[in-house]
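Following: one structure in structure tokens, then a few remarks.
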Amino acid sequence: MGKFLFVMLLFVQTSFGGFERTEIGARAMAFGNSYVGLGDDVWAIYHNVGGIARLNKWQASVFYSPQAYGLSEFSLAAVAVVVPVKFGNFGFSVRKYGFELYREISGTLSYANTISGVNLGLNINYHTVVIKSYGSAATIGLDFGVLVPVIDRLNWGIFIKNLNSPTIGRSKEKLPQAFSTGVAYLPLESLTLLLDFQKDISFDPTARFGFEYRIINAVALRGGIADEPSQFAGGIGVMYSIFQFDYAFSTHQELGWTHSFSLTIR
């Protein structure tokens, strides 16, 4: 009973108004989620959908975070695919969060294209929430992303989550609406530096910093920090043939550790 009450308290602090856990993709999580200015793989769908316009070959990936903060009730899983076509790139993803008493499921259809050198993208999200003994509800949210190559080796990104201010349920609870902007800079072929700022309309602004260093072409080390709340992250990526495995960990100043994994086919 004590664990159940603790879980419910954490849901109040970290989940409601719902659909806040969109830190998806182990590579991005290892950066402390400072990914808006980079967005160069399939998980850009969740961080800056404009980035998927940069992909010239299809990608498919699965992501799993089995015990956020050490609790299986906070498990998060997702699958995503991006397919380039002649008139842009299409993406599709499904995200599942929670457990039998409280569960969120989202399906996302994405489209991105490059116009005059600028990468533009749009997500159409269908969100559903199921609370045991209380029923279910659904809504549609829109995300918009832009990724601009400013100069050689420097990109600037903007991402707006829930642009249309969607609400869900009879209480018309608003889904979290956030504005993010960030840059990605490559001072060396083997080093990427990332800096993001995010403003959720309900919270103070958050700054995030991340880096990726390729020890060799097939192995990358990553790290990141964020404030409000303070978090530290890190991880590793290993590439072999068409496969890429990514691992990330992050630590919350009060709630503890989270481990995440992704497997991508390029």
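The values are calculated or read from the model by the stated rules, or taken from the named source; none is laboratory data. Treat the numbers as computed from the prediction; the structure is a model and nothing was measured. So basically every Cβ, Gly included, is an ideal-geometry build from the backbone, and we count neighbours across all protein chains shown. Each accessible area value is taken on the protein alone, full model and side chains, heavy atoms only, with ligands, DNA and RNA left out. Shrake-Rupley method; radii C 1.70, N 1.55, O 1.52, S 1.80 Å.
Suppose only helical runs count, i.e. DSSP H with n ≥ 4. What mean residue ellipticity at 222 nm does that imply for the chain under -39500 (n - 2.57) per run, divided by all residues and rounded to the nearest 500 deg cm²/dmol?
Dividing the helical sum by the residues of the chain leaves -2000 deg cm²/dmol.
Would the chain count as rounded, prolate or oblate if I go by the C-alpha gyration tensor, calling it rounded below 1.5 in a/c and otherwise prolate when a/b exceeds b/c, oblate otherwise?
Prolate shape, in that a/c is at least 1.5 and a/b is the bigger ratio.
Can you bin the range 100-151 into rounded, prolate or oblate? Criterion: square roots of the alpha carbon gyration tensor eigenvalues sorted a ≥ b ≥ c, rounded for a/c under 1.5, prolate for a/b above b/c, oblate for the rest.
Since a/c reaches 1.5 and a/b is larger than b/c, the shape of the range 100-151 is classed as prolate.
Need the C-alpha centroid separation for the range 148-217 versus the range 38-61, integer Å.
13 Å
Counting only heavy atoms of the protein chains, get the accessible area per residue of the range 215-261 (1.4 Å probe) and round it to a whole Å² value.
55 Å²
What shape does the range 137-266 take by its C-alpha gyration tensor, where a ≥ b ≥ c are the square roots of the eigenvalues and a/c under 1.5 counts as rounded, a/b above b/c as prolate, and the rest as oblate?
In terms of gyration-tensor shape, prolate.
If packing is taken as the average number of other Cβ atoms within 10 Å across a peptide's residues, how do 83-89, 100-106 rank, most packed first?
Result, highest mean first: 100-106, 83-89.
Quick one: with all protein chains in place, what share of the accessible area of the range 214-266 is carbon or sulfur, to the nearest percent (1.4 Å probe)?
After summing per-atom areas, the C and S share lands at 66 percent.
Over the range 77-129, with every protein chain in place, what whole percent of the accessible area is carbon and sulfur at 1.4 Å, could you tell me?
Its accessible area is 73 percent carbon and sulfur atoms.
Over the chain, how many pairs of lysines fall under 17 Å by alpha carbon, counting only those 8 or more apart in sequence or from different chains?
5
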